[in-house]
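Down below is the structure, laid out as structure tokens.
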Amino acid sequence: MQLAPIVVAVVSVMASGFCLHRLKLAKDSSRWPATKGRVVASFVEAATDDGDSSESAVFAYEFTVGGDAYVSTDVYPGWSLSWSTLIPGLGSDRQIVRRFPLDSVVDVFYSPADPSRSCLFAGRLAGPCVGLILSVLVGACALIYAFAG
């Protein structure tokens, strides 16, 4: 039995737990109320590091609930734009910036228990589901390799 596949399987279990948490948050967000908000930052920033160039979006919106003002960067429940763009199908930096320009009015979904938890796309289950399926498959393959090899 090899140790590396076991380590991969353990990391896959941890990733599965993370994806289950995100799946629950996405499901919960489908019941969140909405309010109007305003985009306060929306642009793509270029960076160069040792000859490697990359882009990242700077994106934020503000909204008010019960007289209290909030600012958030979460596009999907619990996922800021930088995380969202790592998951295929959730949208790129440029798409989000193009869709939500500076000063545009947006629908903001927020948790009634904690309005600081908010998002622009509530109830989107695709990203967490894909992550869960991939982490389970990787973990299963690692265990099969560890014990069959």
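The values are calculated or read from the model by the stated rules, or taken from the named source; none is laboratory data. Given the structure is predicted, the values throughout are model-derived calculations rather than measurements. Methodologically, a virtual Cβ is constructed for each residue, glycine included, from the backbone with ideal geometry; neighbour enumeration extends over all protein chains shown.
Of the strands (runs of 3 or more DSSP E) entirely within region 33-94, none holds at least 3 residues that are modelled with pLDDT under 90 and touching a His at 6+ places or on another chain (Cβ under 6 Å). Taking region 48-59 as the range and being in contact with a strand residue (DSSP E or B) (Cβ under 9 Å, 6 or more places away or on another chain) and either more than 17 Å from Val97 (Cα to Cα) or not assigned by TED's automatic domain parsing to the domain that holds Val75 (or both) as the test, the residues that pass are Thr48, Ser53.
Annotation note: of Val11, Val71, Val40, the sole residue that is closer than 30 Å to Ala142 by Cβ and surrounded by fewer than 17 Cβ atoms within 10 Å (Cβ to Cβ) is Val11. Among the residues of region 1-36, those that are more than 22 Å from the chain's Cα centre (by Cα) and either closer than 20 Å to Val65 by Cα or of a type in the set (Val, Ile, Thr) (or both) comprise Ile6, Val7, Val8, Val10.
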